[in-house]
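The values are calculated or read from the model by the stated rules, or taken from the named source; none is laboratory data. Computed from a predicted structure; not experimentally measured. All Cβ positions, even for glycine, are placed from backbone atoms using ideal geometry, and neighbour counts span all protein chains on display.
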Amino acid sequence: MMPFFSRRFLFTLFIVLFSSIFINAQKTESNVTMEIEQGNSPSRSRLLNLVVAIQNHSSNNFSGKIQFVCPKGFKVISGEEPLIELKPNEKKYLPVRIIVESDAKAGSSPIKVRLLDQLGIFITERIKEHVIEVNNDLNLSLLNAPIYRSSSLEPISVKVRVSNSGNISQDITLVCKIPDPENGNQFLEQQAIINVKKDSTFTFTYQPSKGLSRLSNFSINISGFRNPDKEIFNTATVFVQNISSVQKYQDPQFNNFAEETKNQITTSYRKVGDNIDMYQLIGSGGFNLPSGFLFIRGNIAFLNSQQQPLVTNTNVVLQQGKNQYTIGSVNKLLEMTLVGRGAEYSRTFAKDTKLEIGFVDQNFNLVEKNSFLKNGYGFFAKGTLNANNSSRNISAAYIYRYDPFEKSKHNILGTEATYAFDKVWSMNAKINAGLSSYEFQDITKPSMSAESNYIGSINDYNLNGNYFFSTGYYPGNRRGSLLLQQNISKNYKNYNFFGNVIFSNFSPKYYFFDRPQVSENTRIEIGTKFPRVKDFSFGLFYQFQNENSNSYNNFFGSWENSQLRDLTAHRIVEQISWSNYKTRQSAVFAFETGIVKYPLDDEQNFQMKLNGNYSFKNFNINAIYQSGSYYLSEYAFSHLAAANTDYKKLTVSLFYNDNFIKDKVNLSTGLSYVDDVIYGKSPSAFLNAKYLGKNFTAFMNSSWYNYSVGVLSNNILTFEVGLTLNLRNTVLSPDKKGKIQAFAFYDENNNNVFDMGEKPAHDYIININNIALKTTEEGTALYKNVPFGKFSLKQFIQQGWYYDEYDFTVDSYSYPLNIPLHQNGTVQGKIFFDYNSKTALDFEHRASSVAFKIIKQNDIVQTIGSDDEGKFNSFLPTGTYTIAIDESTLPANTYCETKSFDINVKAGEMVVVPDFIIKVKDKKVNKKTFNN
């Protein structure tokens with residue numbers, strides 16, 4: 001064991017040496033300095049240039065080295081620990097080059113540069129932060145488009161590749177949307193994390209329904225989203241062809257879910273109270289004719305209280321080209337409405353010019369036994385320019401109607417124009433002249449009406465107005481009317497200010513009714529909606545209302561008196577609303593207070609109304625309490641019930657609506673209670689249910705209503721059950737239609753004629769426009785219901801044989817199409833990687849999915865891809881082609897010097913394309929010379 005004295009001596013020596021080294025190091029650190037200067041490096045460059053400046057401030061020589069500490073993805077290529085020799089007061093510049101590799105993380109990365117002396121003792125350190133911009137580029141490519149299905153039992157398989165060419169790993173979701181007419185839009189999702197410079201392949205598999213398999217073709221949409229924000233980064237569309245020997249024409253613009261093309265039948269039974277039983281049959285559907293189509297709709301009801309059925313909204317429509325013929329129920333909402341049984345014809349000419357004419361017997365039941373024309377009749381003619389342009393059009397119409405009750409003949413001639421000046425300003429104007437002849441009075445009375453409405457904006461003030469005037473004997477829908485309506489609104493910051501003014505006067509005149517009728521209303525409303533505060537919003541309005549009329553004088557005991565009764569009110573409305581989207585709740589509360597002057601009172605009266613509504617998920621509750629009459633009708637009824645009693649009204653309702661069993665079952669129910677002098681104490685309830693199946697819909701509706709006023713009381717129970725059958729949808733075409741009878745054969749002698757000894761081509765795929773047909777054993781295929789016009793026979797190259805592309809015109813109901821097949825040639829080739837592993841940049845050694853374009857006469861005739869071994873092949877007709885590589889599909893950091901080759905294809909021969917040599921980019925090393 002070492003003596004105590006020796007151990008003490010060694011410990012003291014150690015302390016002295018350590019102190020001297022530490023002091024020397026501190027002194028060296030203060031005498032030698034180091035700084036980092038930024039060189040010229042573009043922000044996205046993979047090469048980082050730095051300059052390290054070292055200066056010796058002492059009078060002694062300095063020897064040491066530089067040490068680099070880099071994060072992952074950074075590699076120093078100018079020497080990892082370069083030696084430093086400095087004379088007294090000497091300063092040196094050391095160029096440093098760092099490769100930023102593909103796996104370097106985005107964001108700020110610290111690069112540490114340390115200065116050590118010759119013994120490896122740390123002297124000083126500097127840190128350089130290098131920021132790499134985030135690159136989140138993602139590429140989405142289809143691997144099997146288009147898709148050809150030869151069997152309805154064959155599932156659809158869509159393959160998609162997503163490549164991450166950025167510098168951060170990304171969490172993505174792919175959504176595949178498949179439009180199935182029987183099951184609705186089907187959404188298939190897959191989620192994955194794509195690492196930097198990697199790719200993943202996704203496969204979506206779906207078994208189509210029979211309805212989808214019947215379609216000639218359809219498209220599937222693929223959308224890619226970045227998680228969690230669901231930011232879309234790319235989309236792609238896959239076209240699917242259902243191959244069959246018999247295909248039906250499908251309009252490219254046709255929407256499988258269009259309501260007007262549905263063929264369906266609904267039958268129902270309804271019981272109202274104890275005495276009414278009704279059976280109803282409703283249906284609609286159409287089918288194509290060789291020239292045009294026929295569409296039928298019907299509505300037939302059988303009531304126990306009537307011996308004959310009630311047939312309404314039932315007609316037959318024949319469409320042939322631009323001509324349309326309708327017979328049955330005709331409903332024309334013109335300036336003078338004509339509704340009943342009749343016939344209508346319309347034709348659309350060039351430049352969207354349309355003519356409509358028709359005759360109507362004004363009896364809404366088609367099988368009514370009354371004499372024809374007993375309830376009156378009429379006819380109309382209308383012409384429209386730019387009929388399909390909703391922003392700029394003009395029309396003129398003439399309407400005639402005989403009224404057997406007034407014993408009068410009415411004529412209206414008018415015009416209407418719509419004009420949009422720009423995206424902000426637009427207007428509509430109408431003017432009509434009327435002429436009426438009255439048999440009993442032997443009078444011919446002229447009349448007129450004019451109407452105008454507009455919408456626009458001036459300096460952020462939104463304006464719209466509606467104005468109408470008609471004379472007292474005008475026979476149109478609004479006789480003796482005056483309407484002036486003007487609205488204005490403006491948004492200022494987060495406030496919304498608005499004002500509305502409405503004045504209306506209704507004073508119709510009749511020769512068979514001497515007592516004058518007058519009803520006049522004025523309403524003014526101004527207010528503002530305040531900025532939203534969290535989940536709350538507020539509104540404050542002022543309302544002025546004036547109503548005067550002589551229509552309720554019989555309620556005041558004086559029917560013969562034509563004196564106008566007047567009601568005037570001033571109100572303040574406060575409104576507050578609240579909504580929370582996360583909890584699916586909302587509430588609205590409005591409080592109205594005001595003063596009102598009633599017709600029989602000399603003093604002002606107080607009135608108020610409370611209105612509250614609350615919704616939570618599938619529930620909705622509404623309550624209204626009103627004290628005081630808001631309208632003359634309410635005041636008249638309350639005065640009739642009790643002269644000195646204020647009108648009061650209470651309404652409470654509760655509703656519920658929800659879907660069950662994957663939205664196949666819908667349930668809707670509700671309760672209501674009303675208490676006022678008009679309806680009395682009236683509770684009511686309803687319960688509706690619906691089941692949605694693939695080919696049918698079953699429904700049940702029921703309601704109960706109780707009426708109780710004074711000694712009067714009544715209960716009404718209504719119950720209905722029904723079934724809707726959904727038949728196969730039909731694509732209706734108004735054009736002439738024919739069928740293309742295709743025949744494909746192997747043309748051995750290339751004379752384009754089917755000669756004796758030549759064989760039909762069975763199981764061969766033919767493309768007409770975008771429709772694929774597969775020939776039968778006899779080499780035939782049938783394309784039905786094709787409209788007359790131009791079609792294209794498009795090439796679909798198959799192994800060994802091909803046909804020439806050309807256009808043809810279908811101009812007969814049966815068009816023969818002979819397709820001679822000629823023998824083709826085979827093209828093969830491959831890619832080959834040539835690189836130096838020591839100097840090459842990092843790259844993905846991938847030979848698959850490299851695309852090649854085959855070009856003939858500057859047109860791309862085919863695009864093919866390489867397999868996992870880098871090989872590709874194609875079958876081409878005889879001719880000269882250019883095959884070119886698509887460099888955008890190559891792995892990153894690779895390129896091809898010879899990008900294309902010319903080839904000559906001969907029938908029955910194989911052409912081997914020279915190898916496409918794929919080279920890899922070398923690492924770049926920049927050199928700089930520094931002078932001290």
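Go through segment 794-877 and tell me which strands (runs of 3 or more DSSP E), entirely inside it, have 1 or more residues that are assigned by TED's automatic domain parsing to the domain that holds A892, under 43 Å from the mean Cα position of the chain (by Cα) and hydroxyl-bearing (S, T, Y). Let's see the steps before the verdict.
Values: elements: 806-810, 814-823, 825-834, 851-856, 859-865, 871-876.
The strands (runs of 3 or more DSSP E) meeting that bar are 859-865, 871-876.
Okay, residues lined up against (1) among the basic types (K, R); (2) under 30 Å from F660 (Cα atoms); (3) more than 41 Å from the chain's Cα centre (by Cα):
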| position | (1), (2), (3) |
| --- | --- |
| R584 | yes, yes, no |
| A590 | no, no, no |
| G594 | no, no, yes |
| G612 | no, yes, no |
| N620 | no, yes, no |
| Y631 | no, no, yes |
| N644 | no, no, yes |
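Looking at the structure I just gave you, is N135 modelled with pLDDT under 85 and either of a type in the set (S, T, Y) or out of contact with any Lys or Arg (no Cβ under 7 Å at 6 or more places or on another chain) (or both)?
Considered against the rule, which asks whether it is modelled with pLDDT under 85 and either of a type in the set (S, T, Y) or out of contact with any Lys or Arg (no Cβ under 7 Å at 6 or more places or on another chain) (or both), N135 comes out as yes.
Which condition breaks for G757 when tested against (1) exposed (fewer than 12 other Cβ atoms within 10 Å of the Cβ); (2) in contact (Cβ under 8 Å) with a residue 60 or more places away in the chain?
Just one mismatch for G757, condition (2).
Just a yes or no: is a residue in segment 791-811 crowded, with 16+ Cβ neighbours inside 10 Å, β-branched (V, I, T) and at pLDDT 90 or above?
Checking segment 791-811: at least one residue is crowded, with 16+ Cβ neighbours inside 10 Å, β-branched (V, I, T) and at pLDDT 90 or above.
Any chance you could count how many residues in segment 356-384 are farther than 24 Å from P475 by Cβ and either in contact with a Lys or Arg (Cβ under 6 Å, 6 or more places away or on another chain) or at pLDDT 95 or above (or both)?
Here the count works out to 1.
Name, by its number, the condition in (1) under 30 Å from N56 (Cα atoms); (2) touching a Leu at 6+ places or on another chain (Cβ under 6 Å) that does not hold for V162.
Answer for V162: the failing condition is (1).
If the requirement is being free of Cβ contacts under 8 Å to residues at least 24 places away in the same chain and either part of a strand (DSSP E or B) or in contact with a Pro (Cβ under 6 Å, 6 or more places away or on another chain) (or both), which of these qualifies: L540, L483? Give the derivation first.
On the way: L540 fails: free of Cβ contacts under 8 Å to residues at least 24 places away in the same chain.
One residue alone meets the criteria, L483.
Does E335 qualify as being buried (at least 19 other Cβ atoms within 10 Å of the Cβ), of a type outside the set (F, W, Y) and either outside any strand (DSSP E or B) or not assigned by TED's automatic domain parsing to the domain that holds R297 (or both)?
In short, yes.
Quick check on my filter: what residues within segment 407-438 are touching a strand residue (DSSP E or B) at 6+ places or on another chain (Cβ under 7 Å) and in a loop (DSSP other than H, G, I, E, B)?
K407, V424, W425
Restricting to segment 636-652, name every residue that is in contact with a helix residue (DSSP H, G or I) (Cβ under 8 Å, 6 or more places away or on another chain), of a type in the set (A, V, I, L, M, F, W, C) and at pLDDT below 80.
If the condition is that a residue be in contact with a helix residue (DSSP H, G or I) (Cβ under 8 Å, 6 or more places away or on another chain), of a type in the set (A, V, I, L, M, F, W, C) and at pLDDT below 80, then L640 is the only one that fits.
Residue by residue through segment 493-528, note down the ones that are within 39 Å of the chain's Cα centre (by Cα) and in contact (Cβ under 8 Å) with a residue 40 or more places away in the chain.
Within segment 493-528, G527 is the sole residue that qualifies.
Matching residues to (1) at pLDDT 85 or above; (2) over 30 Å from K177 (Cα atoms); (3) exposed (fewer than 15 other Cβ atoms within 10 Å of the Cβ); (4) not assigned by TED's automatic domain parsing to the domain that holds T235:
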{"site": "V51", "(1), (2), (3), (4)": "yes, yes, no, yes"}
{"site": "C70", "(1), (2), (3), (4)": "yes, yes, no, yes"}
{"site": "G73", "(1), (2), (3), (4)": "no, yes, no, yes"}
{"site": "G79", "(1), (2), (3), (4)": "no, yes, yes, yes"}
{"site": "E90", "(1), (2), (3), (4)": "yes, yes, yes, yes"}
{"site": "S108", "(1), (2), (3), (4)": "no, yes, yes, yes"}
{"site": "E125", "(1), (2), (3), (4)": "yes, yes, yes, yes"}
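Within segment 729-778, track down each residue that is closer than 19 Å to N824 by Cα and of a type in the set (G, A, S).
Scanning segment 729-778 gives A744, A761.
In the list P82, P95, P88, P110, which residue meets the criterion of being under 27 Å from G166 (Cβ atoms) and not polar (S, T, N, Q)?
P110
Would you point out the residue of segment 866-880, among those that are touching a residue at least 40 places away in the same chain (Cβ under 8 Å) and surrounded by 15 or more Cβ atoms within 10 Å (Cβ to Cβ), that is nearest to I917 (Cα to Cα)?
This residue is G870.
Only strands (runs of 3 or more DSSP E) wholly contained in segment 132-212 count here; list those with 3 or more residues that are touching a residue at least 40 places away in the same chain (Cβ under 8 Å), closer than 24 Å to L773 by Cα and of a type outside the set (D, E, K, R).
156-164
For segment 604-618, enumerate the residues that are in a strand (DSSP E or B) and either in contact (Cβ under 8 Å) with a residue 60 or more places away in the chain or surrounded by 14 or more Cβ atoms within 10 Å (Cβ to Cβ) (or both). Can you show your working first?
Initially, segment 604-618 is screened for residues in a strand (DSSP E or B), giving 605-616.
Those that are in a strand (DSSP E or B) and either in contact (Cβ under 8 Å) with a residue 60 or more places away in the chain or surrounded by 14 or more Cβ atoms within 10 Å (Cβ to Cβ) (or both): N605, Q607, K609, L610, N611, G612, N613, Y614, S615.
Specify the residue that is surrounded by the fewest Cβ atoms within 10 Å (Cβ to Cβ); the eligible residues are those in segment 388-442 that are farther than 19 Å from E335 by Cα and of a type in the set (A, V, I, L, M, F, W, C).
F405
Can you say whether K382 is surrounded by fewer than 18 Cβ atoms within 10 Å (Cβ to Cβ), among the charged types (D, E, K, R), in contact (Cβ under 8 Å) with a residue 12 or more places away in the chain and in contact with an Asp or Glu (Cβ under 7 Å, 6 or more places away or on another chain), as far as the supplied structure shows?
Considered against the rule, which asks whether it is surrounded by fewer than 18 Cβ atoms within 10 Å (Cβ to Cβ), among the charged types (D, E, K, R), in contact (Cβ under 8 Å) with a residue 12 or more places away in the chain and in contact with an Asp or Glu (Cβ under 7 Å, 6 or more places away or on another chain), K382 comes out as no.
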